[in-house]
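The values are calculated or read from the model by the stated rules, or taken from the named source; none is laboratory data. Because the structure is a prediction, the values reported are computed rather than measured. Neighbour counts are summed over all protein chains in view; Cβ atoms, including those assigned to glycine, are modelled from backbone coordinates with ideal geometry. We work out accessible area using only protein heavy atoms, side chains counted, and drop any ligands, DNA or RNA first. Shrake-Rupley method; radii C 1.70, N 1.55, O 1.52, S 1.80 Å.
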Amino acid sequence: MTVLGIRFCTVKPEGEARGIADFMGPKGWNFGERDMGADHSDSFQGAVFPAGEASWTEIWAASEHMPETTMLHVIVDDADRYAEQAKANGLSVNGPMEMHGERMYFSEAPGGLQVAVISKLD
């Protein structure tokens with residue numbers, strides 16, 4: 001069982017999300033932003049700042065389909081094994097869910113932080 005990467009994801013109102021993306025991107029720290037082919041001139045949808053092969057920061061604008069939240073994604077080699085261990089340790093674990101070629105399990109940490117444990121589908 002190996003942790004391969006970490007993703008931090010925050011979903012905020014559009015103006016706040018755009019401000020965070022500007023802070024992280026070329027108008028601020030200048031972390032390299034993944035080109036998603038979006039034109040942010042009219043409305044901001046989101047931004048992704050990669051860090052290595054399996055880690056990145058995601059900033060998204062809240063919408064009716066994506067409510068405001070903060071999430072920690074832990075990328076692992078085998079999400080099923082991690083989920084089995086977490087359940088055996090008494091944690092409440094939801095999933096799996098499969099999306100974008102990944103298998104995901106979800107839990108809520110003390111204090112309300114949303115945590116997803118994710119691995120690539122075979």
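Residues are listed down the side, and each one gets a yes or a no for (1) assigned to a loop (DSSP other than H, G, I, E, B); (2) open to solvent by 80 Å² or more (accessible area, probe 1.4 Å); (3) free of Cβ contacts under 8 Å to residues at least 60 places away in the same chain:
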| site | (1), (2), (3) |
| --- | --- |
| ARG18 | no, no, yes |
| MET66 | yes, no, yes |
| ARG81 | no, yes, no |
| GLY95 | no, no, yes |
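Of all positions in region 28-36, none carries a residue that is closer than 24 Å to PHE106 by Cβ and surrounded by 14 or more Cβ atoms within 10 Å (Cβ to Cβ).
Scanning region 68-79 for residues that are in contact with a Leu (Cβ under 9 Å, 6 or more places away or on another chain) and either open to solvent by 30 Å² or more (accessible area, probe 1.4 Å) or of a type in the set (Asp, Glu) (or both) turns up THR70, MET71, LEU72, ASP77. Note on region 97-112: among residues that are of a type in the set (A, V, I, L, M) and open to solvent by 70 Å² or more (accessible area, probe 1.4 Å), the one that is modelled with the highest pLDDT is MET97.
Annotation note: of PHE49, PHE44, the sole residue that is surrounded by 16 or more Cβ atoms within 10 Å (Cβ to Cβ), in a loop (DSSP other than H, G, I, E, B) and among the hydrophobic types (A, V, I, L, M, F, W, C) is PHE44.
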